[in-house]
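The values are calculated or read from the model by the stated rules, or taken from the named source; none is laboratory data. Nothing here was measured: the structure is a model prediction, and the numbers come from that model. Note that we place each Cβ from the backbone using ideal geometry, even for glycine, and neighbour counts take in every protein chain shown. When the accessible area is computed, the model is the full protein with side chains, heavy atoms only, and any ligands, DNA or RNA have been set aside. Shrake-Rupley method; radii C 1.70, N 1.55, O 1.52, S 1.80 Å.
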Amino acid sequence: MSQPFDAAGDLADAPRTGGRQRPKDAATLILTRHRRGGAEVLMGRRAPGHVFMASKWVFPGGRIERGDFAAAAARELPAADAARLAREVPARRARALAVAAVRETFEETGLLLARPAPRASVAGSWRGFRAEGALPDLAALSYVARAVTPPGRSRRFDARFFMADAAALLHPEPTAGCGELDEIAWIPLEETAALDLPAITRFVLGEVRARLEQPDRPLPFVRMVRGRHRIEHQD
């Protein structure tokens, strides 16, 4: 079972600013692997200087960028996951969310959820990825959760969480990435509770535990409605 959502923790992790910002589309990738002791998950600690969730342990991810809409892929999203996303946003943006999750993971950790491809010279945010001789493997992704940052916070995101098995990575170990995360590690899933986590990350980790046993469980959507957090489950 996933954990109950800690509303008080969420509000403390994202303090009020008094402004009214519209959430920006963002994507996050949860990479898992199995070792003899059990499941491990890839996480990174945000640098202390960040305005949003400084020093917290999180999954790699970030906002959609313009280049994500036109980026090529080795394989496309599974039909069921693409259909789920297309209920929320137009199909082109749905695909861009999946693409952004793969790109952000590469930028922050150096890991390529990809298949080998000829090196290509492209402009913009995909230059480094394509220079590695790879194309994103969207077929390795599963869409597993959605969460919207509460109103009035310093940063607001409409975040989609994807999962993938580390077996789909071209290289198994992370590098330093772009420096946004000051520590990156594979952490035993049972040890993540001891980390300094944002409330939504703690909730999603509970969902990860459940999905490793029941992959087809309904997708949770976490948001604030009339001042109270609500979790809706979608098939």
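Can you give the relative contact order of segment 92-216 as a percent, counting alpha carbon pairs under 8 Å and 6+ residues apart?
It comes to 25 percent, rounded to a whole number.
How charged is the neighbourhood of Gly128? Take every other residue with its Cβ under 15 Å from the Cβ of Gly128, and add Lys/Arg as +1 and Asp/Glu as -1.
That works out to -3.
Pairs of alpha-carbon atoms within less than 8 angstrom and 6+ residues apart define the contacts here; what relative contact order does the chain have, in percent?
Value for the chain: 30 percent.
Specify which residue in the list Ile200, Val225, Pro136 is farthest towards the positive end of the charge dipole of segment 122-235, using unit charges on the beta carbon of Lys, Arg (+1) and Asp, Glu (-1), about the Cα centre.
Val225
Compute the signed sum of charges (Lys and Arg +1, Asp and Glu -1) over the other residues within less than 13 Å, Cβ to Cβ, of Glu76.
Result for the local shell: +2.
Rounded to the nearest 5, what % of DSSP beta bridges with both residues in the chain are antiparallel?
Antiparallel bridges: around 75 percent, rounded to the nearest 5.
Hey, what's segment 38-181 come to in accessible area per residue, 1.4 Å probe, Å²?
41
Net charge around Ala39, counting only other residues with Cβ within less than 14 Å of its Cβ (Lys, Arg = +1; Asp, Glu = -1)?
Once positives and negatives cancel, what remains is -1.
Where the accessible area of segment 98-235 is counted over protein heavy atoms with a 1.4 Å probe, how much of it, in %, is carbon and sulfur?
For segment 98-235, the apolar C and S fraction of the accessible surface comes to 49 percent.
Please report Rg over Rh for segment 27-160, where both radii come from the alpha carbon positions and Rh follows the Kirkwood definition.
My calculation puts Rg/Rh at 0.97.
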